1. Of all the helices (runs of 4 or more DSSP H) wholly in the stretch 84-167, which have at least 2 residues that are β-branched (V, I, T) and in contact with a helix residue (DSSP H, G or I) (Cβ under 7 Å, 6 or more places away or on another chain)?
2. Any idea which of G59, G95, G88 is at pLDDT 85 or above, crowded, with 16+ Cβ neighbours inside 10 Å and under 24 Å from L131 (Cα atoms)?
3. Can you find a residue that is modelled with pLDDT under 90, surrounded by fewer than 13 Cβ atoms within 10 Å (Cβ to Cβ) and not polar (S, T, N, Q) anywhere in the stretch 122-133?
4. Name every residue in the stretch 9-34 that is small (G, A, S) and either buried (at least 17 other Cβ atoms within 10 Å of the Cβ) or at pLDDT 95 or above (or both), in order of residue number.
5. E142 - would you say it is modelled with pLDDT under 75, surrounded by 11 or more Cβ atoms within 10 Å (Cβ to Cβ) and closer than 30 Å to V94 by Cβ?
6. Restricting attention to the stretch 21-67, which residues are among the acidic types (D, E) and in a loop (DSSP other than H, G, I, E, B)?
Amino acid sequence: MEALDDPQEAADELSPQERRRLGRLGGVLMIIGSLAVVPAAAFLDDPPDAIEHLVALAGVLAGAGLMVVPWERLPERALYLVTVLATGYVMVGVGLYSDDFAFYQVLIGVYTAYVVRSGRVFLLLMGFFTLATLAPLTYANETFDEQAHHILVTLPVLMISAAVVRYLRDTLSQRELEYRRFAAEAVTLAERIRGGPDMAKEEGSEDVDKRLAELASKTRS
């Protein structure tokens with residue numbers, strides 16, 4: 001019997017199909033966000049000029065580009081670029097339209113919390129998102145009080161939403177890991193049982209019964 005793959009490693013890695021799905025999801029979210037900007041900006045007290053809507057068009061094109069990238073051929077860390085690109089796009093939107101558009105950063109944070117597997121990279125990106133959310137204080141047209149108001153609303157929602165999604169994703173991954181280990185133990189035990197008398201000599205019947213009882217208790221928990 002061939003050695004089973006390490007379940008921890010298998011659970012932590014994104015498959016090529018999963019990388020493609022998540023990369024395309026990032027493109028879809030960017031397209032939807034870019035299209036939503038246009039009608040929302042029309043209701044501002046000082047609507048943007050028509051030429052400024054080219055930013056929305058650029059976002060749509062960027063999203064379409066993300067959907068055709070061969071993510072399955074790229075390393076998992078390439079998905080991190082989606083969050084960086086989207087954050088830069090939000091910063092441009094805040095500068096051209098309104099600081100209200102900084103709320104799109106919440107969506108980016110949620111996407112990041114699900115996509116990024118490394119806890120260290122996730123914390124680094126959340127720090128980057130925090131700086132990006134604070135950045136309009138230096139270049140946006142609104143007063144400091146208006147900026148502070150929007151930041152104090154957006155930043156906590158960003159952090160809480162990303163933390164909740166991260167917790168749920170980690171819980172799901174842990175459950176998947178437990179099921180993988182359970183399956184590996186079940187297959188190994190079945191192979192030992194099928195091994196016949198020679199295998200029984202290596203592992204007594206009492207040990208087999210004990211392993212079976214442990215596996216049964218795991219299925220009930």
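1. Values: elements: 104-115, 119-134, 136-139.
Result: 104-115, 119-134.
2. Numbers: G95 fails: at pLDDT 85 or above; G88 fails: crowded, with 16+ Cβ neighbours inside 10 Å.
Going through G59, G95, G88 in turn, the sole match is G59.
3. If we filter the stretch 122-133 for residues that are modelled with pLDDT under 90, which is where we start, we get none.
No; the residues of the stretch 122-133 include none that is modelled with pLDDT under 90, surrounded by fewer than 13 Cβ atoms within 10 Å (Cβ to Cβ) and not polar (S, T, N, Q).
4. A11, G23, G26, G27, G33, S34 - these are the residues of the stretch 9-34 that are small (G, A, S) and either buried (at least 17 other Cβ atoms within 10 Å of the Cβ) or at pLDDT 95 or above (or both).
5. Numbers: modelled with pLDDT under 75: yes; surrounded by 11 or more Cβ atoms within 10 Å (Cβ to Cβ): yes; closer than 30 Å to V94 by Cβ: yes.
It is true that E142 is modelled with pLDDT under 75, surrounded by 11 or more Cβ atoms within 10 Å (Cβ to Cβ) and closer than 30 Å to V94 by Cβ.
6. Kept after step one, since they are among the acidic types (D, E), are these residues of the stretch 21-67: 45-46, 49, 52.
Hits for the stretch 21-67 are D45, D46, D49.
The values are calculated or read from the model by the stated rules, or taken from the named source; none is laboratory data. The structure displayed is predicted, hence computed values, not measured ones. Note: ideal-geometry Cβ built from the backbone for every residue, glycine included; neighbour counts use all protein chains shown.
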